[in-house]
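The structure appears right after this line, and notes come after that.
The values are calculated or read from the model by the stated rules, or taken from the named source; none is laboratory data. Fair warning: this is a prediction, and the values are worked out from it, not measured in the lab. Neighbour counts run over all protein chains shown; Cβ positions are idealised from the backbone, glycine included. Just so you know, the surface numbers come from the protein's heavy atoms only, side chains and all, with ligands and any DNA or RNA stripped out. Shrake-Rupley method; radii C 1.70, N 1.55, O 1.52, S 1.80 Å.
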Amino acid sequence: PDSRFGSLPGVVRTRVGYSGGTSPGPTYRSLGDHSETIQIDYDPEEVSYEELLEVFWDSHNPTIPAWSRQYASIIFYHNDEQEKLATETRDQEVARLGKSIHTEIVPFSRFYMAEDYHQKYRLRQAPELMEELRAIYADEGDLVNSTAAARLNGYIGGNGTSETLQSELDLLGLSEYGSNRLLEIASTCEGP
């Protein structure tokens, strides 16, 4: 899911992890009562919370109940304005779809980072691009927190526009080969 957000202008970083539960130190193999989630850092001058919510609603079918707590549809809000906007957009989705929505809207409490191998999933499917990024970001944490890695993950996931990709290509830190390979991969990916 983080690839859908990573290619949005104004998104600084995406990280996947676990949230919403009470169990201490969740992991993929021991989630407890947490759900898999994505943490998004963004510049509100470039992308609005409403635009992020639009991507959220468009990226899944909220009318289908989650078959487990792990995959629950949840919006974790950080303040009253975010709660208000999440509730408003949920109500708009109910009206648009004419069905009940199974998305929870709850206050944020804590985010636990998922294991490294879960981060930038789409990007990890392009080993030649990962190799180039590892030369730039020797530390795994720096790679996960990288805006460039978030953007690459988004484009490889078939998100974003070719125009935006072209305009950002020189900013991603790739070699000429890496840039051409990214263009090739992105051109063959299907969007959401």
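Values as computed for the structure displayed
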quantity	calculated
Nearest 10 degrees, 0 to 90: helix 80-97 Cα axis against the chain principal axis	80
Computed accessible area, HIS60, all protein chains, 1.4 angstrom probe, square angstrom	60
Accessible surface, 1.4 Å probe, highest first, among residues LYS120, LYS84	LYS84, LYS120
Order of exposure, largest accessible area first, which applies to ASP58, ASP116 with probe 1.4 Å	ASP58, ASP116
Karplus-derived HN-Hα couplings along the range 119-130 (A = 6.51, B = -1.76, C = 1.60, θ = phi - 60°), whole Hz, x at Gly and Pro	6, 6, 4, 5, 4, 5, 7, 10, x, 5, 6, 4
Fluctuation leader among ARG29, ARG13, ARG90 - the chain, Gaussian network, Cα springs under 10 angstrom	ARG29
Helical mean residue ellipticity (222 nm; -39500 (n - 2.57) per DSSP H run of 4+; nearest 500) of the chain	-12000 deg cm²/dmol
The range 63-157: radius of gyration over Cα atoms, expressed as a fraction of 2.2 N^0.38 Å	1.41
Dipole in debye (nearest 20) - the range 1-86, about Cα centre, beta carbon charges: Lys, Arg +1; Asp, Glu -1	600
Kirkwood Rh and Cα Rg combined as Rg over Rh, evaluated for the range 1-106	0.96
Kirkwood Rh, angstrom, the chain [1 / mean 1/r, Cα pairs]	17.5
Rule-of-thumb Rg ratio for the range 119-192 [Cα; 2.2 N^0.38 Å; N residues]	0.99
Cα-based helix-to-principal-axis angle, 147-156 vs the chain, degrees rounded to 10	90
Tilt relative to the chain, helix 176-188 - C-alpha long axis, 0 to 90 degrees, to 10	40
By accessible area with a 1.4 Å probe, ligands and nucleic acids excluded, highest first: order of ARG181, ARG96	ARG96, ARG181
Surface share of carbon and sulfur [accessible, 1.4 angstrom probe, percent] for the chain	49
